[in-house]
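Structure first, commentary second.
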Amino acid sequence: MTSESVLTVTDMSKSFGVVRALKGVDFELRDGEVHGLIGENGSGKSTLTSIVAGQQRADAGTVHFLGRPWSPASVNEALDGGIGMIVQESGTVPGISVAENLFLGDAGRFVRLGLVDRAAMNREAGRALAAIGIDAIDPRTPAGALDFQTRKLVELARVMMHAPKVVVVDETTTALSQHGRETLYRLVDEQRARGSVIFISHDLEEILAVCDRLTVLRDGEMIRTFEKSEFDEDAIRAAMIGRNLDGHYYRADTTATAFPQVLLRATDVTVGDKVRGVDLVVRAGEIVGIGGLSHCGMHELGQALFGAVRLDAGNVVVNGKRIVNEQRAVRAAMGYVSKDRDTESLSLTASISDNIASAGLRLLGRGRGGLITRRAEERYVAGPMRQLAIKATNDRQVVGTLSGGNKQKVVFGKWIACGSEVLILDCPTRGVDIGVKQAMYRLMVQLKSEGKAIVMVSEEMTELMGMCDRLLIMKDGTVAREFQRGPELTEMEIIQCMI
């Protein structure tokens, strides 16, 4: 039995310069379904949904929503008309409160005698948050003071309080804790009763569990739509990448290895009540994993190791140099890949070249009296672009126009180019497809073989088990237990330590 269509896309095309993001795509969303969109980074998933949700216009093609032509001029117009989108990266404004974010563009409803009634706005915001089961967020809190996953829940509340007919979820679960994911899954299930959901994810297991149908995009083209009865992991992967994944996904070996030289030593690292008295040693050629449940302190520990947050106690020493801030960390040949890629690791309005070169300005200007020539920058950037296979028209392309996977490659390229010997990787494969993930894992193995030291913070247990020599599980800001790589190590053993 098929439901009627609520949204149809016909022959949609969109280009960014010479890059064709969509090529004559057709898509149908039925009433009461959760329809998955899956494909490699750059396949066109976010471009398609951003047009539907009013973020940008198509170059060609038509969209019909509820039987009428649909071409919203803005996100707010789309939301008012019945389609809301939760974006992959940050969708909140950091300098204003949670309440102001919830009513961004709609604060006029609270104006009394020419002034905004903040108390009324905060009360309404509290009700909107409580409606989706979130009552621990103070509406008066500046959005910039919240962590990344909490900001995503604010975005979720903003969309859901409009009771849209269609909700677009773009790679949101990768930013959420288990509790946050359960909240989202519950809301997605409830949405079936009053409308539909377009669900974008790189997690094939998740998308098979959540979705009723699934459409695969590749290189801007619609490859195939799978009905629920046709769901098959191998067939979907083949449609996604147009090839089989060759070689090992994670590391091939099952034993821990490292060189004797200690590159990073952390002693009694303390940051408020987030990180409490953590000791850590990382050797050359070693991948040390940091895992745990939400708010265990693992992300804050990664920031502390790089000097991004001030220590209340303890020391971090890299290559014999004490790390007191990010500038000292970079000088000590240290690099940091943030979980919040778009706001902390990249300048989205700058070019690929500018982003990659930003960590190596001292190297580029050396011997030239500080003068950096365009030719020198081109040579500097060419290596990591080639090594990481960054898909772009050229190195002057603006980073904000790249897919999530290519953005992440630019972040890695920045630290590889300047010769970082110690890398802190916080959720390094968040929001990237299986092909890019495999490429990242191979890169990590290569860096390990070159004697680099890697600290990988991750919320994906299989990733930590698959890649790390040692695994430290954090709980309540401290290291609860350390596990050694080995064929006998089980996920259940680790999870029991986390809870």
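Laboratory data are not the source of any read-out in this text; all were calculated from the coordinates shown. Just so it is clear, the model here is predicted, and its values are computed rather than measured. When we count neighbours, we look across all protein chains shown, and the Cβ atoms used for this are built from the backbone with ideal geometry, even at glycine.
So here's what we get for this one:
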{"read-out": "Residue selected from the stretch 207-227 under the condition out of contact with any Leu (no Cβ under 8 Å at 6 or more places or on another chain) and assigned to a helix (DSSP H, G or I), by the criterion farthest from Val168 (Cα to Cα)", "value": "Ala209"}
{"read-out": "Cβ-Cβ under 7 Å pairs, at least 6 apart or on other chains, the stretch 140-151 side among the charged types (D, E, K, R), far side not in a helix (DSSP H, G or I)", "value": "Arg140/Ser97; Arg151/Ser90; Arg151/Thr92"}
{"read-out": "Long-range neighbours under 9 Å by Cβ, at least six apart or interchain, first residue closer than 22 Å to Val432 by Cβ within the stretch 33-53, second among the polar types (S, T, N, Q) and in a helix (DSSP H, G or I)", "value": "Leu37/Ser46; Leu37/Thr49; Asn41/Asn406; Asn41/Gln408; Gly42/Asn406"}
{"read-out": "Enumeration of residues in the stretch 117-172 that are in contact with a helix residue (DSSP H, G or I) (Cβ under 7 Å, 6 or more places away or on another chain), under 28 Å from Gly67 (Cα atoms) and among the small types (Gly, Ala, Ser)", "value": "Ala157"}
{"read-out": "Search result, residues across the stretch 102-126 that are outside any helix (DSSP H, G or I), touching a residue at least 12 places away in the same chain (Cβ under 8 Å) and on the phi < 0 side of the Ramachandran plot", "value": "Phe103, Leu104, Asp106"}
{"read-out": "Residue satisfying all of: in the stretch 35-54; under 19 Å from the mean Cα position of the chain (by Cα) and part of a loop (DSSP other than H, G, I, E, B); nearest to His162 (Cα to Cα) among these", "value": "Gly44"}
{"read-out": "Residue list for the stretch 448-469, restricted to those being over 22 Å from the mean Cα position of the chain (by Cα) and crowded, with 19+ Cβ neighbours inside 10 Å", "value": "Lys448, Lys452, Ala453, Asp469"}
{"read-out": "Sole residue being in contact (Cβ under 8 Å) with a residue 24 or more places away in the chain and closer than 26 Å to Arg127 by Cβ, chosen from Arg192, Arg237", "value": "Arg192"}
{"read-out": "Test for Val318: is it surrounded by 24 or more Cβ atoms within 10 Å (Cβ to Cβ), over 18 Å from the mean Cα position of the chain (by Cα), touching a residue at least 24 places away in the same chain (Cβ under 8 Å) and over 26 Å from Leu402 (Cβ atoms)", "value": "yes"}
